[in-house]
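Visitor: Handing you this structure, nothing more for now.
The values are calculated or read from the model by the stated rules, or taken from the named source; none is laboratory data. Given the structure is predicted, the values throughout are model-derived calculations rather than measurements. Positions of Cβ are backbone-derived with ideal geometry, glycine not excepted, and every protein chain shown enters the neighbour counts. The protein model used for the area step is the full one, side chains on, heavy atoms only, and it has no ligands, DNA or RNA in it. Shrake-Rupley method; radii C 1.70, N 1.55, O 1.52, S 1.80 Å.
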Amino acid sequence: MSTFFRRSRGALVALLFVAGAAAAPAHAADPAATPVSVFAAASLTAAFKTAGAAYEASHPGSKVAFNFAGSPTLVQQLREGAPADVFASADEPNMQKLVDAGLVAGTPRIFAQNLLQIVVGKGNPKGIAGLADLTKPGLIVVLCGETVPAGRYALEAFKKAGVTPPAGSRELDVKAVVTKVSLGEADAGIAYVTDVRAAATTVEGVGLPAAQNVTARYPIAALRDAKHPEDARAF
């Protein structure tokens, strides 16, 4: 995969939603109404905040409220009755759980993709060049838990590389992985390209060969019990 394609991946996510918001039909929203509630994977934080601002600008009177967390955490909240209008997952299996539970309106659509990177401290002080380096003695490595899409993708990447996943903490979402590396609590971790780029002032990324990387596919859907079904579909 070309360097340009990797670098443009994060921008693509944001542009897809800015374009979608601009193209959606305007409506007369009640200013006193509750915000459109969007539950979204933590790795979508930067892109969706941009998308939310664009949506509000193109739909006068509307407001968008986000709940960002790991996809399985969001699924659990929704299955337990948390009110929401839209769900965007970092993988298809978690979205399918809501489909199977009858909580999704219509058919989910894939709207973006992402890739993995090794996240390291600024300047890469440990000299990490690839997945094999994450097994060096004394290195503190943090990954997402296996039920989290980024954690499952990371394990798949290690398998492709023929490397045993290192021991270490397992986090609830990629934001926690990046934060630990950013604070110096870990030497390295695995996150999405977009998350590494969003924290570029404190961390940097080490790319994976295409043969070892995993493409994350993000589905989005309006929810059956949405309080704002028209806004949900428009978003």
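Visitor: Kindly establish whether Ala211 is free of Cβ contacts under 8 Å to residues at least 12 places away in the same chain, surrounded by fewer than 24 Cβ atoms within 10 Å (Cβ to Cβ) and part of a loop (DSSP other than H, G, I, E, B).
Guide: When the stated conditions are applied, Ala211 does not pass them.
Visitor: From the list Glu230, Glu185, exactly one residue is without any contact (Cβ under 8 Å) to a residue 60 or more places away in the chain and either of a type in the set (Asp, Glu) or surrounded by 20 or more Cβ atoms within 10 Å (Cβ to Cβ) (or both). Which is it?
Guide: Just one listed residue meets the conditions, Glu185.
Visitor: Taking strands (runs of 3 or more DSSP E) that do not extend beyond the range 58-174, which have at least 1 residues that are charged (D, E, K, R), within 18 Å of the chain's Cα centre (by Cα) and buried (at least 20 other Cβ atoms within 10 Å of the Cβ)?
Guide: Output list is empty.
Visitor: Every residue in the range 59-73 that is in contact with a strand residue (DSSP E or B) (Cβ under 6 Å, 6 or more places away or on another chain) and more than 19 Å from Asp231 (Cβ to Cβ), please.
Guide: Across the range 59-73, the qualifying residue is only Ser71.
Visitor: Do any residues in the range 37-52 that are in a helix (DSSP H, G or I) have Cβ atoms under 6 Å from those of residues that are open to solvent by less than 10 Å² (accessible area, probe 1.4 Å) and hydroxyl-bearing (Ser, Thr, Tyr), where the two are at least six apart or on different chains, and which pairs are they?
Guide: Once the first residue is in a helix (DSSP H, G or I) and sits in the range 37-52, its partners that are open to solvent by less than 10 Å² (accessible area, probe 1.4 Å) and hydroxyl-bearing (Ser, Thr, Tyr) give Ser43/Tyr192.
Visitor: From the list Ala33, Ala29, which one is assigned to a loop (DSSP other than H, G, I, E, B), touching a Pro at 6+ places or on another chain (Cβ under 8 Å) and at pLDDT below 95?
Guide: Criteria check complete, one pass: Ala29.
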